[in-house]
1. Could I have the simple spin-label model distance between residue 1 and residue 21, label points 7 Å from Cα toward Cβ, reported in nm to one decimal?
2. With every protein chain left in place, what is the accessible area per residue of the stretch 1-44 in square angstrom, probe 1.4 Å?
3. So if I place +1 on the C-beta of Lys and Arg and -1 on the C-beta of Asp and Glu, and nothing else carries charge, what would the dipole magnitude of the stretch 1-53 be about its Cα centre? I want it in debye, nearest 20.
4. Residue 40: net charge of surrounding residues, Cβ under 13 Å, Lys/Arg +1, Asp/Glu -1, itself excluded?
Amino acid sequence: MRLYDDLVEVRKGPIGPGDNEGPEQFLWRGRLWQVREVVAHWVETGAWWLHPSGAGSASGAGLQEREVWRVTASRGRAVGAVGDPGFGVFDLTFDWAEGDWRLARTAD
């Protein structure tokens, strides 16, 4: 697993059954990646113990949350496969406070 903190441009679209939206494509380091599958999706909350007293109240005020999307993706529109250098597993995060997308991790 490699860690990053790179800004990425994400295009959202429909995922799975229903009206759910998630990352459909992302641009990272000048390359277009096409999401093939959403492996997992969760929300992470910042370290409440690092905030001054009262900031981490039961309502969660002052805590930074971000959505994490673990996806498999391949370069461009070509279908990639495991073992292909143009295929990978990525953790994309969306920070609600900042309104930006970042690439947090990739799996080798």
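The values are calculated or read from the model by the stated rules, or taken from the named source; none is laboratory data. Being a predicted model, the structure only gives us computed values, none of them experimental. Cβ placement follows ideal geometry from the backbone for every residue including glycine, while neighbour counts extend to all protein chains displayed. Surface areas here come from the heavy atoms of the whole protein model, side chains and all, with no ligands, DNA or RNA. Shrake-Rupley method; radii C 1.70, N 1.55, O 1.52, S 1.80 Å.
1. For residue 1 paired with residue 21, the spin-label model returns 2.9 nm.
2. Result: 72 Å² per residue.
3. Dipole magnitude for the stretch 1-53 comes out near 240 debye.
4. Details: positive: 70, 105; negative: 37, 44, 67, 91.
Its environment carries a net charge of -2.
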